[in-house]
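K.L.:
Would you mind keeping the following structure in view while I ask a few things?
The values are calculated or read from the model by the stated rules, or taken from the named source; none is laboratory data. On a predicted model such as this, the values are computed, not experimentally measured, just so you know. Note that we place each Cβ from the backbone using ideal geometry, even for glycine, and neighbour counts take in every protein chain shown. For accessibility, only protein heavy atoms count, side chains too; no ligands or nucleic acids. Shrake-Rupley method; radii C 1.70, N 1.55, O 1.52, S 1.80 Å.
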Amino acid sequence: MSNDEQSQSTFTLDGRRIPFTPGQTIMDAALAAGVYIPHLCHKPGYAPHGSCRVCVVRADGRELSACTAPAAADMSVESEVPDIRALRVAVLQMLFAEGNHVCPACEASGNCTLQAVAYHCGMLTPRFPQRFPRRAVDASHPDVILDHNRCILCELCVRASRDHDGKAVFAVSGRGIGSRLIVDAPSGRLGDTDFSAEDAAAHVCPVGAILPRDEAFRTPIGRRRFDVAPVSRVGDVAPDPDAEAPVPDTATEVMV
């Protein structure tokens, strides 16, 4: 072992030593070490946001979001323990209840991170009354459909459009239960903006809120990314997130 490796700072995540560099968050360091922490609003290369709280961990006795909390030397972090997993499940149950996520009929099924994270965390049943909100579907753009029914307000499209595309097409308006995704156009329609199917914002949605036209069933359900391997193997923890998902080793890894 080199002197650099011996002197590198580490923290403990569920009993495993995780190296980190100054400025890395718990999430960044864990993913770099190949350790998956469930998350929705986080994406490598994007500024930390901490809006979904699915990545909740306990660090030195405090519950916090792994995507925004800086790693610290000798910190003790718990992620895969029963009470933290229960918190994640509750957050996921609220997300499902607040939107219209009908997985069997959704065009994003098998490619949806919300669905895949729910499977990973064992969220298989509802807990809260379903709200069934009445939300608009914006089909004004020639290449992309914006379905507000599935939006989880992760703001990945907001950050992608603002920070990566330089367009600021999207924003979130309102507070609390009244929060909603809006489009920066007088009409409020996506088709009246300079949004392009080539934009980063067109490909960053973790659910089925931003859908490219004419591609929904190009890859059949059952063969899609999270159908054939769990998010803990082919999500952001994978060396190449865009690589084709591997064939599952056992039938138990196939999501149904």
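K.L.:
Apply the Karplus parameterisation 6.51 cos²θ - 1.76 cosθ + 1.60, with θ equal to phi minus 60°, to every residue of the range 19-26 and state each ³J(HN,Hα) to the nearest whole Hz, in sequence, with x for glycine and proline.
P.N.:
For the range 19-26, the Karplus-derived couplings read x, 8, 10, x, x, 6, 8, 4 Hz, x marking Gly and Pro.
K.L.:
Here is a further query. Would you mind checking which residues have amide H under 5 Å from THR25's amide H? H placed 1.01 Å from N; only 5 or more apart, or other chain.
P.N.:
The answer is ALA71.
K.L.:
How big is the Cα convex hull of the range 86-215 in projection, averaged over all directions, in nm²? Present the calculation step by step, with values, prior to reporting the outcome.
P.N.:
Details: hull surface 32.9 nm².
The orientation-averaged projected area of the Cα hull of the range 86-215 comes to 8.2 nm².
K.L.:
Report, to the nearest whole %, how much of the accessible area of the chain belongs to carbon and sulfur atoms, 1.4 Å probe, protein only.
P.N.:
Ligands and nucleic acids excluded, carbon and sulfur give 51 percent.
K.L.:
For the range 86-215, what is the accessible area per residue in Å² when the probe is 1.4 Å?
P.N.:
Working: 6490 Å² over 130 residues.
Ligands and nucleic acids excluded, the result is 50 Å² per residue.
K.L.:
Can you give me the relative contact order of the chain as a percent, contacts being Cα pairs under 8 Å and 6 or more apart?
P.N.:
Relative contact order of the chain: 17 percent.
K.L.:
Let me ask another. So how tilted is helix 82-98 from the main axis of the chain? Cα-based, degrees 0 to 90, rounded to 10.
P.N.:
In the chain, helix 82-98 runs at an angle near 10 degrees to the longest axis.
K.L.:
May I ask you to evaluate 6.51 cos²θ - 1.76 cosθ + 1.60, the Karplus curve with θ = phi - 60°, for each residue of the range 43-60 and list the ³J(HN,Hα) values in order in whole Hz, giving x for glycine and proline?
P.N.:
8, x, x, 10, 4, x, 10, x, 8, 8, 6, 5, 8, 4, 9, 10, 10, 6
K.L.:
Could you give log10 I(q)/I(0) at q = 0.12 Å⁻¹ for the chain, computed by the Debye formula over C-alpha point scatterers of equal weight, without solvent?
P.N.:
Listed by q, the Debye log ratios stand at -0.75.
K.L.:
Where nothing but the Cβ of Lys and Arg (+1) and of Asp and Glu (-1) is charged, how large is the charge dipole of the range 99-152 around its Cα centre, in debye to the nearest 20?
P.N.:
I would put it at about 340 debye.
K.L.:
Given charges of +1 on the Cβ of Lys and Arg and -1 on the Cβ of Asp and Glu, with all other atoms neutral, how large is the dipole of the chain about its Cα centre, in debye to the nearest 20?
P.N.:
960 debye
K.L.:
Read phi for every residue in the range 164-170 and hand back ³J(HN,Hα) as whole Hz from Karplus 6.51 cos²θ - 1.76 cosθ + 1.60, θ = phi - 60°, with x for Gly and Pro.
P.N.:
Coupling constants for the range 164-170: 10, 9, x, 10, 6, 6, 10 Hz.
K.L.:
Work out the length of the dipole vector of the range 86-215 about its Cα centre, built from +1 on the beta-carbon of each Lys and Arg and -1 on the beta-carbon of each Asp and Glu, and round it to the nearest 20 debye.
P.N.:
800 debye
K.L.:
Step by step: find N for the range 9-80, compute 2.2 N^0.38 Å, then divide the Cα radius of gyration by it. What's the final number? Don't skip to the end; give the middle numbers.
P.N.:
Values: Rg = 10.7 Å, N = 72, 2.2 N^0.38 = 11.2 Å.
Output field value: 0.96.
K.L.:
If I model a spin label at ARG127 and THR219 as a point 7 Å from the Cα along the Cα→Cβ vector, what separation in nanometres do I get?
P.N.:
3.1 nm
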